[in-house]
1. Over all directions, the average projected area of the alpha-carbon convex hull for region 121-192 comes to how many nm²?
2. Residues in region 248-279 near a label at residue 168, defined as backbone nitrogen under 16 Å from the 7 Å Cα→Cβ point?
3. Under a point spin-label approximation (7 Å from Cα along Cα-to-Cβ), what is the residue 109-residue 95 distance to one decimal in nm?
4. Would you rank 122, 111 by solvent-accessible area, highest first, keeping every protein chain in place and using a 1.4 Å probe?
5. Tally Lys/Arg at +1 and Asp/Glu at -1 over every other residue whose Cβ is under 14 Å from the Cβ of residue 173; what's the total?
6. For residue 57 and residue 185, what does the FRET efficiency come to when R0 = 35 Å and r is the distance between their Cβ atoms, rounded to the nearest 0.05?
7. Grab the beta carbon distance between residue 73 and residue 44, set R0 = 25 Å, and tell me the FRET efficiency rounded to 0.05.
8. State, as an integer percentage, the relative contact order of region 93-194 based on alpha-carbon contacts under 8 Å between residues 6 or more apart.
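The values are calculated or read from the model by the stated rules, or taken from the named source; none is laboratory data. Predicted model, so just to flag it, every value in this text is computed and none were measured. Cβ coordinates were reconstructed from backbone atoms using ideal geometry, including for glycine residues, and neighbour counts include every protein chain displayed. Note: accessible area is taken over every heavy atom of the protein model, side chains too, but ligands, DNA and RNA are not part of it. Shrake-Rupley method; radii C 1.70, N 1.55, O 1.52, S 1.80 Å.
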Amino acid sequence: MIVPASPVRAGPAGRPRPAGIARQTRDAALMKIDPIHQFNIEPLFTLGHIGNQTIAFTNSSLYMLIAVAIISLLMLASGSQLVPGRLQSVAEISYEFVASTIRSTAGSEGMKFFPLIFSLFMFICVSNLIGIIPYTFTISSHLIVTAALALLVFFTVLIYGVAKNGLKFFSIFVPHGVPGYILPLVMFIEILSFFLRPVSHSVRLFANMLAGHIALKVFAGFVAMLGFSLGALGWVGGVLPLALTVALYALEILVAFLQAYVFAILTCIYLNDAIHPGH
């Protein structure tokens with residue numbers, strides 16, 4: 001039986017190259033345009049085992065350490081000069097921004113929680129900004145991370161509120177001036193909303209970062225797909241998706257900061273309930 005010869009193309013140094021190789025290269029490049037792949041948690045090395053469970057150091061752990069290291073360097077290297085430099089200015093602006101947010105929402109008594117709120121704000125803000133850099137990892141795009149931060153705030157509010165106010169803390173579930181015949185319904189709604197705080201607190205941050213990064217990858221993928229599919233004409237047609245990608249990138253920088261601010265100010269509002277439960 002005679003097998004028909006496959007078409008060939010000239011490869012490097014004049015050597016023939018099958019036409020299928022070029023097609024496979026293009027298909028492989030298009031397959032890499034996957035908006036979900038950027039959220040994969042990959043183990044970097046194994047730390048040990050607990051039973052059948054492997055304890056691994058992952059890319060998520062690495063970027064958490066990077067965020068903490070950047071914040072620590074910013075705070076330690078800023079100095080205390082009379083005329084502040086760039087690092088000291090950033091540190092002082094960050095400090096005053098968080099402090100003014102606490103005072104405006106939880107009062108001067110809320111400043112006792114400044115270390116917690118400042119740490120949450122800086123960690124989320126720095127990790128979000130790092131995640132915008134291409135080929136990096138966004139910590140807050142995983143619900144397990146944002147849920148852990150939200151639960152930390154929730155149990156801090158609950159434990160401090162009961163320890164400071166006793167049973168008076170639960171007066172937050174009984175609004176003043178509510179008629180008795182609808183009081184049970186209002187109390188049920190208040191209790192339900194209180195225990196749903198960690199859900200909304202965590203999902204808001206997670207969903208915004210996840211959706212924004214997917215949109216960025218999709219629009220950026222349009223440019224590559226048009227280029228690989230249509231050649232020079234496709235690269236010209238990719239100008240509009242590229243412009244939209246740049247605009248989305250600028251928007252994501254703003255969202256990275258805003259989501260850290262929203263998380264911090266909601267933490268202040270929740271802590272205000274523990275500090276002043278009757279207000």
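1. Details: hull surface 28.1 nm².
Seen from a random direction, the Cα hull of region 121-192 projects 7.0 nm² on average.
2. 272-279
3. Distance between the two pseudo-spin positions: 2.6 nm.
4. Working: 122 10, 111 45 Å².
Reading off the accessible areas and sorting them downward yields 111, 122.
5. Numbers: positive: 168, 197; negative: 190, 273.
Taking every other residue near residue 173 into account, the sum is 0.
6. Working: r = 50 Å, r/R0 = 1.42.
Using R0 = 35 Å, I get an efficiency of 0.10.
7. On the way: r = 22 Å, r/R0 = 0.89.
Efficiency at R0 = 25 Å is approximately 0.70.
8. Details: 41 pairs, mean separation 12.0, N = 102.
Relative contact order here is 12 percent.
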